[in-house]
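Asks: Here it is, the structure in full.
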Amino acid sequence: MILVNFPGRKLTIERVLLVLAAGIAFLSGCSQPSALKRESDPPDNQNQNSPLPVSQTNSRTSNFIVEAVEKVGPAVVRIDSSRSVRRDIAEGYGDPFSRRFFGAPPPSPRVRQGTGSGFLINAEGQVLTNAHVIDGADTVKVTLSDGRSFAGKVLGEDKVTDIAVVKINANKLPTVALGNSERLQPGEWAIAIGNPLGLDKTVTVGVISATDRSSSQVGVPDKRIGFIQTDAAINPGNSGGPLLNSRGEVIGINTAIIGGAQGLGFAIPINRAQQIAQQLITKGKVDHPFIGVQMVSLTPEVKERLKAASNGEINITADRGVLVVRTVRNSPATKAGIKPGDIIQKVGDRTVTKSDQVQDEIEKYKVGDRLPIQVQRDNKTENLQVQLGTLPTTATMNEEP
């Protein structure tokens, strides 16, 4: 029903009759064409019982998330790894009776499999992923978004930063665009792509919740990373997949979650990952600088605990700094004269109050560099020079006597 409103004076009978007459004329098939015709109206010669024509407008809705996924999706891969684990005693031979009469069987192999994600960083088949995705694997299979699968060769892995590079024999492959993780701000869009729980090509969306989360805050104190925190859903299988910004640029590598929490996912900043990946591609390993101390941030609580544990014999007067708990035998720190009980106050040109800050500054230097470190000892300031060594991959941390 069409409602018509005449402005001005009250309707007269004549006007009502004119409107009524016009309506009758149209209903009776007046040959005068309508002044307006919608694009969706059927042509005059079309059978009225035929289906309505499809709209000429593009029914496909697009937004920045769709565009980012379409841009990066072809370069995201699935990584399946497997490794054999040998059991000492086969099933059925665990009890003494069986072992006595039948003897101990040879170790029985068992295959452990895992699934993760990764992304192509060049057209020649180099894939960036997490070290824990391929760690200890006997075989690595890389499946592209188009369904093709290739055997992967691990060019190198760095457990300290959880970065690995895998190579497949293919070329002219789609690649990702890399962003700048140094410029990230909380509140920016974050898009995660990967294969969580075996569900390939899954996309989740959120924001950057925080930047520069320390490894100790995340719960992996053995790593040397300042993590990106995001509330975009990350689950097992997302590891190694890209975290994107709103422009479809990779800003991080999804790597960790905190069990039992929601909206707490963590990614390795892409700038850091790039540096590590380049060394892995060139040398197959990464040399991390090392001084050889165990340390803790100095807080009122730490001071009170030390005082109580020593029956008042240890009474630290400094309010800020990083306390050296112990040193490694024959380490750069001990050679430079750093001792347990020293309070690190400055590393290079930076004043430090947290242990993570000390590690961050050390990572800015190279193995062999001489690093000035200022400590407080017995209420006196000592300026020391530490020549950085190489972080041992496997080392027993012996306390200096």
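Asks: Tell me the carbon and sulfur percent of the accessible area for the stretch 343-385, rounded to whole percent, probe radius 1.4 Å.
Replies: Solvent-exposed carbon and sulfur of the stretch 343-385 make up 37 percent of the total.
Asks: Let me ask something else. Radius of gyration and Dmax for the stretch 210-368's Cα atoms, expressed in Å?
Replies: 18.6, 59
Asks: Could you give P(r) for the stretch 275-357, binned at 10 Å from zero, as whole percent values over all Cα-Cα pairs?
Replies: For the stretch 275-357, the binned pair fractions read 16, 38, 28, 12, 6, 0 percent.
Asks: Taking a probe of 1.4 Å, how large is the accessible area per residue of the stretch 106-153, in Å²?
Replies: Computed with neighbouring chains in place, this is 48 Å² per residue.
Asks: Express as a percent, rounded to the nearest 5, the fraction of DSSP beta bridges in the stretch 122-256 (both residues included) that run antiparallel.
Replies: Counting DSSP beta bridges with both partners in the stretch 122-256, the antiparallel share is about 95 percent.
Asks: Work out the P(r) tail for the stretch 169-294: percent of alpha carbon pairs separated by more than 22 Å, whole number.
Replies: Roughly 37 percent, once rounded to a whole number.
Asks: Based on the alpha-carbon set only, what is the convex hull volume of the stretch 100-245 divided per residue, in Å³?
Replies: Here the figure is 159 Å³ per residue.
Asks: Checking the table K159/K339; K172/K366; K71/K172; K167/K285 against a 24 Å threshold on Cα-Cα, which pairs fail?
Replies: Beyond 24 Å between Cα atoms: K159/K339; K172/K366.
Asks: When all C-alpha to C-alpha distances in the stretch 192-259 are sorted into bins of 5 Å, what percent of pairs does each bin hold, rounded to whole numbers?
Replies: 4, 17, 29, 26, 16, 8, 1
Asks: For the stretch 147-187, build the convex hull from the C-alpha positions and give me its volume per residue in Å³.
Replies: It is 153 Å³ per residue.
The values are calculated or read from the model by the stated rules, or taken from the named source; none is laboratory data. Fair warning: this is a prediction, and the values are worked out from it, not measured in the lab. Ligands, DNA and RNA are stripped out before the accessible areas are found, and what is left, the full protein with its side chains, is counted by its heavy atoms. Shrake-Rupley method; radii C 1.70, N 1.55, O 1.52, S 1.80 Å.
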